[in-house]
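Worksheet: one structure, shown below.
The values are calculated or read from the model by the stated rules, or taken from the named source; none is laboratory data. Bear in mind that the values here come from a model prediction, so they are computed numbers and not experimental data. Using ideal geometry, Cβ is built from the backbone for each residue, glycine included, and neighbour counts are taken over all protein chains shown.
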Amino acid sequence: MECVDWNVTVSADTDMAVKLFMATCGQVELSQFVEDAIRTHVLEVLAYRAARIDSHIRPAEVLRAGFDCTGSPHRH
């Protein structure tokens, strides 16, 4: 996978919270943490949007299936 550089600014509180969280989880790669968090958030938003559009879809089913915004299976 091709990587790109991002420059982001967060509050000091967020910085400390993320550092403490990562330390307690034993995670040392900030870039991987950010990528995982973004993927998780996007998937959750898509799941709830899908459920609003089609009442037969439950968000939990979408989250378990792990589909991306193109409808393709999400691969880790």
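The table below gives the values:
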read-out: Top-ranked residue in the stretch 30-56 [being in a helix (DSSP H, G or I) and of a type in the set (Ser, Thr, Tyr); ranked as farthest from the chain's Cα centre (by Cα)]; value: TYR48
read-out: Failed condition for HIS74, given (1) at pLDDT 75 or above; (2) in contact with an Asp or Glu (Cβ under 7 Å, 6 or more places away or on another chain); value: (1)
read-out: Qualifying residues in the stretch 12-64 (those that are surrounded by 10 or more Cβ atoms within 10 Å (Cβ to Cβ) and either among the acidic types (Asp, Glu) or on the phi > 0 side of the Ramachandran plot (or both)) - the one modelled with the highest pLDDT; value: ASP15
read-out: Failed item in (1) within 14 Å of the chain's Cα centre (by Cα); (2) not in a helix (DSSP H, G or I), with GLN27 passing the rest; value: (1)
read-out: Filtered residues of the stretch 9-50 (kept if among the β-branched types (Val, Ile, Thr) and closer than 22 Å to ARG64 by Cβ); value: ILE38, THR40, VAL42, VAL45
